[in-house]
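Colleague: I'd like to ask some things about the structure below.
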Amino acid sequence: MYTTMLRRAAFGTGSVTYAADFLLVGAGGGGGGGLTNNYSAGGGGAGAVQYSAAYSVTTADSFVISIGAGGAGGAGGASAFVGSPGSDTTCTSMTTAAGGGYGGKGIGSPSNGGDGGCGGGAGGAPTATGGTGSPGYNGGASSGSNSPYRGGGGGGMGGVGAVGNNGTGIGGTGVSYFGSFYAGGGGGGSYTSPGAAGGSSIGGTGGNGSTAGTAGNAFTGSGGGGGGTSSGGTASSGGNGAGGVVVIRYAGAQVGTGGTITSDATYTYHTFTTSGTFTA
């Protein structure tokens with residue numbers, strides 16, 4: 001508390017240095033689209049999370065922030081499409097948080113999940129593989145055993161995406177910072193049963209023939225759910241990946257400006273869901 005009071009007394013009358021925690025989350029990838037004739041799609045991979053604790057900032061330091069946009073889900077049907085990858089989130093002086101990989105489409109090139117901050121899940125082709133995550137986890141492979149083929153879950157920052165099976169291609173788990181979860185993978189698409197769950201309940205849920213994959217929870221960097229198929233020959237689209245976010249936290253009362261500012265008994269938080277500037 002003494003250091004906080006000292007900072008406040010000095011604010012506006014001279015330069016002062018204090019420690020701030022920076023959380024950067026890249027945007028999630030979109031789930032792939034399901035293809036008719038029994039080929040479900042993979043869930044989108046989560047965006048990467050980069051965390052810098054106790055970073056030294058000085059009054060009037062300026063940090064330019066760019067928030068990544070979530071990738072669009074791929075269309076499903078007689079012609080299926082992969083999802084779009086998530087975009088990177090950046091902040092001056094901080095390591096870039098890469099966007100998540102796309103979910104693979106029902107079958108055909110590319111059915112493999114896309115690489116990204118976390119890898120996208122594989123589409124339901126017999127030998128399709130999940131994308132590679134860097135620094136997050138890989139996406140899950142397709143069921144690869146017999147028709148109907150199911151999509152794998154997208155990777156999350158807390159775990160790999162599960163191998164596709166009917167409703168079991170669960171997205172990789174997310175990670176917790178400041179009391180909230182971020183970066184869960186999207187669930188893989190399914191056949192007639194409900195699609196797979198997204199990681200940590202923030203990744204999008206996979207679809208089936210009549211229900212599209214859902215989007216990842218807003219501003220968590222989570223992947224979208226993959227599209228699915230049904231015995232009636234229908235197929236659904238994948239869900240959109242969630243946009244990224246930047247959260248800056250420091251002890252005590254407000255000193256900096258920028259973003260949406262909240263506080264509790266211990267910390268002040270600056271949350272950016274759109275691009276902007278944090279001034280220390």
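The values are calculated or read from the model by the stated rules, or taken from the named source; none is laboratory data. All values reported here derive from a predicted model rather than from experimental measurement. Here the Cβ positions follow ideal geometry from the backbone for every residue, glycine too, while neighbour counts run over all protein chains shown.
Colleague: If you take the residues in segment 107-145 that are surrounded by fewer than 24 Cβ atoms within 10 Å (Cβ to Cβ) and in contact with a Pro (Cβ under 9 Å, 6 or more places away or on another chain), which one is farthest from Thr36 (Cα to Cα)?
Modeller: Asp115
Colleague: Does Gly113 qualify as being closer than 18 Å to Gly184 by Cβ, in contact with a strand residue (DSSP E or B) (Cβ under 8 Å, 6 or more places away or on another chain) and in a loop (DSSP other than H, G, I, E, B)?
Modeller: When the stated conditions are applied, Gly113 does not pass them.
Colleague: Name the residue, out of Ser143, Ser52, Ser79, Ser93, that is of a type outside the set (Phe, Trp, Tyr) and in contact with a Ser or Thr (Cβ under 8 Å, 6 or more places away or on another chain).
Modeller: On inspection, the qualifying residue turns out to be Ser52.
Colleague: Any idea how many residues of segment 220-258 are under 20 Å from the mean Cα position of the chain (by Cα) and either surrounded by fewer than 22 Cβ atoms within 10 Å (Cβ to Cβ) or hydroxyl-bearing (Ser, Thr, Tyr) (or both)?
Modeller: Here the count works out to 3.
Colleague: Another one. Cβ-Cβ under 9 Å, sequence separation 6+ or interchain: first residue in segment 120-141 and over 10 Å from Gly172 (Cβ atoms) and in a loop (DSSP other than H, G, I, E, B), partner acidic (Asp, Glu) and modelled with pLDDT under 95. Which pairs?
Modeller: Note: no pairs meet the criteria.
Colleague: May I pose another question? Considering (1) among the β-branched types (Val, Ile, Thr); (2) crowded, with 24+ Cβ neighbours inside 10 Å; (3) over 25 Å from Gly43 (Cβ atoms), say which one Thr205 fails and leave the rest.
Modeller: Looking at each condition in turn, Thr205 falls short on (3).
Colleague: Between a residue in segment 258-280 that is under 17 Å from Ser62 (Cβ atoms) and in contact (Cβ under 8 Å) with a residue 12 or more places away in the chain and any residue that is assigned to a loop (DSSP other than H, G, I, E, B) and of a type in the set (Asp, Glu), which pairs come within a Cβ distance under 8 Å, given they are 6 or more apart or on different chains?
Modeller: Thr279/Asp61; Ala280/Asp61
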